[in-house]
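A short reminder: the numbers here are calculations on the coordinates, not readings from a lab. These figures come from a predicted structure and were not determined experimentally. Cβ: placed from backbone, ideal geometry, glycine included. Neighbour counts: every protein chain shown.
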Amino acid sequence: MRVWADLLVAWIAVALCARAEIIDRIAVSVGNNVITAGDIGKEIRVTAFQNGAKPDFSSQNRKATAQRLVEQRLIRHELDLSKYPLPEVSAVEPMLQQLKQRYAGEKAFEDALAAYAITEQDVKDELLWQLTLVRFIEVRFRPGVQVSDQDIENYFDKVVKPAAEAAHPDEPVSLDDYREKIQETLAGRRADQEVDQWLRQAEKSTEIVYHEAAFE
């Protein structure tokens, strides 16, 4: 009887391990790193929690989320290699407190976390990544962005002035009132374009394999 009991326990252990492997199977291989189905699911739930939305587990959204996680892995690799300055962990606290203000007390916040099957640490990790990404773009790409006076004037004439005149037809519209904001907008867009180009190049130089079965 002891032998059969031991065999039964061993069989159950193997079955549970196999079940766990199925649940958290590899979805994407990024060089020597992997992104699992569990990683994608958690990212979807945390993002939905931040947006106050229902999690979207459709195949299309899981693939889009996987792509974001691939980009995150590529950027983290660059951060590790180049020793970029990272934000302090404590920097997320103001953002977390702002998020908590949506809820009527700590208990309501904890209940909402439980409803999304995530933890406060999951949210902190996501907020820290968002800060890290902003810092990476500011240090790596923004210094090289150039916005000319002509760029600002063109954007003002084509976008800002028509919108301002439509909203306030009886008020004069001056470029000087919008110059700083336009410059910031254009610089941000161009930095984003630089990031996209860098990511596409990083993807080409990295072996990335999507395991389609994980998205079915």
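General observations
- Two-decimal ratio, segment 92-216, of alpha-carbon radius of gyration to 2.2 N^0.38 Å: 1.55
- Packing-based order for 70-79, 95-104, using average beta carbon neighbours within 10 Å, highest first: 70-79, 95-104
- Remark: the Cα gyration tensor places segment 16-105 in the oblate category, a/c being 1.5 or greater and a/b not exceeding b/c.
- Anisotropy class of segment 95-136 from Cα gyration tensor, a/c 1.5 cut: oblate
- Cα extents for the chain along the principal axes, largest to smallest and rounded to whole angstrom: 92, 48, 34.
- Taking other Cβ atoms within 10 Å as a rough exposure proxy, LEU113, LEU127 sort from fewest to most as LEU113, LEU127.
- Against the main long axis of the alpha-carbon atoms of the chain, helix 37-51 sits at an angle near 40°.
- Acute angle (nearest 10 degrees) that the helix 2-23 long axis makes with the longest principal axis of the chain, alpha-carbon atoms: 20 degrees
- Under the criterion of Cα pairs below 8 Å and six or more residues apart, the relative contact order for the chain equals 29 percent.
- Segment TYR210-SER59, extension gain: residue separation times 0.36 nm, minus the distance between their alpha carbons: 53.1 nm
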